[in-house]
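The values are calculated or read from the model by the stated rules, or taken from the named source; none is laboratory data. In this text, all values refer to a predicted model and were calculated from it rather than measured experimentally. Quick reminder, even Gly has a Cβ in these numbers, built from the backbone with ideal geometry, and neighbours come from all protein chains shown. For accessibility, only protein heavy atoms count, side chains too; no ligands or nucleic acids. Shrake-Rupley method; radii C 1.70, N 1.55, O 1.52, S 1.80 Å.
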Amino acid sequence: MMPFAVTTQGAQQPAPAPKQFGISSPISLAAPKDTDRELTQKLIETLQPFGVFEEEEELQRRILILQKLNNLVKEWIREISESRNLPQAVIENVGGKIFTFGSYRLGVHTKGADIDALCVAPRHVDRNDFFTSFYDKLKLQEEVKDLRAVEEAFVPVIKLCFDGIEIDILFARLALQTIPEDLDLRDDSLLKNLDIRCIRSLNGCRVTDEILHLVPNIDSFRLTLRAIKLWAKCHNIYSNILGFLGGVSWAMLVARTCQLYPNAIASTLVRKFFLVFSEWEWPNPVLLKEPEERNLNLPVWDPRVNPSDRYHLMPIITPAYPQQNSTYNVSVSTRMVMIEEFKQGLAITHEILLNKAEWSKLFEAPSFFQKYKHYIVLLASAPTEKQHLEWVGLVESKIRILVGSLEKNEFITLAHVNPQSFPAPKETADKEEFRTMWVIGLVLKKPENSEILSIDLTYDIQSFTDTVYRQAINSKMFEMDMKIAAMHLRRKELHQLLPNHVLQKKETHLTESVRLTAVTDSSLLLSIDSENSMTAPSPTGTMKTGPLTGNPQGRNSPALAVMAASVTNIQFPDVSLQHVNPIESSGIALSESIPQIPSQPTISPPPKPTMTRVVSSTHLVNHPSRPSGNTATNIPNPILGV
């Protein structure tokens, strides 16, 4: 739509107002220039080697697989209908359908990506049927491998591999007698009289479809989203579970950018994405449409009503009812890291605009293992591969709790967890054991009137391990040899656990040696010796946790043994988070006003609590487990230092 008046037959008629996408007027209606088209083509050429575009043959294979799955659903629902003696007229038109959502539905899936699917059934087919008779039907299909049901999950799911493609299938039972082929899941009336699990299952499809309806140009949106998702993965900020953003959150940020620049193409939209969100005044929420109340009594994100919503740090609100914040896992540290990356992205895209850099620079992985001086390494181990997969999933889902605890420490400015996990070296070569580790980079605050800082992280890690073990025991997945270890390493010591190609820079091998020493059957101790002179004693922080070996309750006991305190002695000053001001580095003049909707009301997050610290000695000590309940609050959190 043209943004200016059109003259006809000598009379000036105002042009119809351009369609408004989103909750505010666009920032710019400028059409793309030739240079924008050239940059977009270069962007496409840069993306291709990364495998973000699927070949036509592979795409057709996915379509065929989904057709087979859809036919299976229809056949299964018809069989259920016949077994329940429904009228023949109903049976003939009973329907049933497979819907897709997530990256496949958005049209931005990559090579080899899985498919998120939803099975929609009429009211006489229930969830128990889905997990019994439909599961059995899938089991009979020769193309189906690795079939497993996760019925007790927050969103119950059947997982399978269909002819080489991983598929997750959710289930929703609608209050309809039949499921028509042209069913539009965006219809809010479909949510009436549904149980909460069906509403959760429907939410993925409803949000995905709503996003596609709220962007001005789907092709430009898709190409921009492919670029931003690749950038986020390369820069280690793509993980909802660890407190960064997941796929749907990145999609909503890109969609909002498209709304603000409705006529722009991908090269411009990528640049504007970084401009908008490097300047966004969080915690003002990102909204793609005005929230609507449907009087269905479902919980929605609303800081005016829900006090807990007022403390969300980076709210990005889903556009489909019931509206939810898709980023409730974001912490102070992860938001700080992402904002820094937005600013870096803005500076790089400005260089690209000026032909001072290529698109490939945007997708260069940052040197996480060179960025910080101090790291915490978490290790999760289990004796069998099956137990290890379950254990790793549980530990990873709780790491953000540890990050939150670290952030509350008055001497820790930032705790940056790398979303990528790594295989860890075995304790002993002849022992069958599966081990995974995660790395958290730390930025530390220099204490006043001192060059040396010593921090005791015992209780922070104890609280984290307590939570993990408690949930493992409650869900009956815990096995005796499932263990967690946590240790502090300096940057120069990382090469002892990580290969050079991961560290991205050839390390100067020092004379430290890492010894994995078995202390008891249920715990490990990682100790570091150094022949290098240091300005302060440096006991390497290591915490070992696990159920007490001598406990008569055995594997069902939630009791934990802390084998050593987690202590870090730190020399200042030479640790700092690099801050790059894209305005200064690129000469950009930010003259565009970013429309933002303040949360109602806008309430700042609560201040960090001040912790009482007691100076003690420099050596490792064993602490008793932290008491639970009210008595825990009366115990000071000691710091061991010089």
* Asked: Tell me, what are the semi-axes, in whole angstrom and largest first, of the equivalent ellipsoid of segment 56-202 as set by the roots of 5 times the Cα gyration tensor eigenvalues?
  -> 24, 17, 15
* **segment 56-202, relative contact order in percent, only Cα pairs under 8 angstrom and at least six apart counted** => 24 percent
* Å² of accessible area per residue within segment 450-502, as computed with a 1.4 Å probe and no ligands counted -> 34 Å²
* To do: Quantify, in whole percent, the carbon and sulfur part of the accessible surface of segment 56-202 (1.4 Å probe; protein heavy atoms only).
  => 47 percent
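Excluding Pro122 itself, calculate the net charge of residues whose Cβ lies under 12 Å from the Cβ of Pro122, where each Lys or Arg counts +1 and each Asp or Glu counts -1.
Numbers: positive: Lys74, Arg78, Arg84, Lys97, Arg123, Arg173; negative: Asp126, Asp129.
Net of charged neighbours comes to +4.
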* Long pairs among Lys145/Lys426; Lys233/Lys272; Lys371/Lys398, criterion Cα-Cα beyond 21 Å -> Lys145/Lys426; Lys371/Lys398
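Using just the Cα positions, wrap segment 44-113 in a convex hull and report its mean projected area in square nanometres, one decimal place. Show your work: numbers first, answer last.
Working: hull surface 23.3 nm².
Result: 5.8 nm².
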* Residue by residue, what Karplus-based ³J(HN,Hα) values in Hz, rounded to whole numbers, does segment 153-168 have, using 6.51, -1.76 and 1.60 with θ = phi - 60° and x for Gly and Pro? -> 5, 4, 10, x, 8, 10, 10, 7, 10, 9, 6, x, 10, 6, 9, 10
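Quick one: accessible area per residue over segment 56-202, 1.4 Å probe, rounded to a whole number of Å²?
Numbers: 7060 Å² over 147 residues.
Ligands and nucleic acids excluded, the result is 48 Å² per residue.
In segment 52-145, which trypsin sites (Lys or Arg not before Pro) fall in coil by DSSP and have 12 or fewer other Cβ atoms within 10 Å? Can you show the working numbers first?
Working: sites: Arg61, Arg62, Lys68, Lys74, Arg78, Arg84, Lys97, Arg105, Lys111, Arg123, Arg127, Lys137, Lys139, Lys145; in loops: Arg84, Lys111, Arg123.
Loop-located and lightly packed - Arg84, Lys111.
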* Net charge near Pro303: determine it from the other residues with C-beta under 9 Å of the C-beta of Pro303, scoring Lys and Arg +1 and Asp and Glu -1. => 0
* Asked: Accessible surface of Tyr328 in the full protein assembly, 1.4 angstrom probe, to the nearest 10 Å²?
  -> 140 Å²
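Per residue, how much accessible area does segment 233-332 show when a 1.4 Å probe rolls over the protein heavy atoms, in square angstrom?
Working: 3210 Å² over 100 residues.
So segment 233-332 comes to 32 Å² accessible per residue, rounded to a whole number.
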* Asked: So in segment 56-202, what percent of DSSP beta bridges are antiparallel if you round to the nearest 5?
  -> 65 percent
* **In sequence order, calculated HN-Hα J values of segment 364-379 (Karplus, 6.51, -1.76, 1.60; Hz; x Gly/Pro)** => 6, 5, x, 8, 4, 7, 10, 6, 10, 9, 10, 9, 10, 10, 9, 10
* Mind ranking Leu296, Leu503 by accessible surface for me, highest first, 1.4 Å probe? => Leu296, Leu503
* Solvent accessible area, Å² - Lys426, 1.4 Å probe, full protein context -> 90 Å²
* Structure fact -> Under the Karplus relation with 6.51, -1.76 and 1.60 and θ = phi - 60°, whole-Hz ³J(HN,Hα) for segment 230-246, x at Gly and Pro, equal 5, 4, 5, 5, 4, 9, 6, 10, 10, 5, 5, 5, 9, x, 9, 10, x
* Dipole of segment 56-202, positive direction: furthest Cα of Asn128, Gly107, Cys161, with charges on the beta-carbon -> Asn128
* Asked: Tell me, what does the Kirkwood hydrodynamic radius of segment 222-367 come to in angstroms if you use every pair of distinct C-alpha atoms?
  -> 16.0 Å
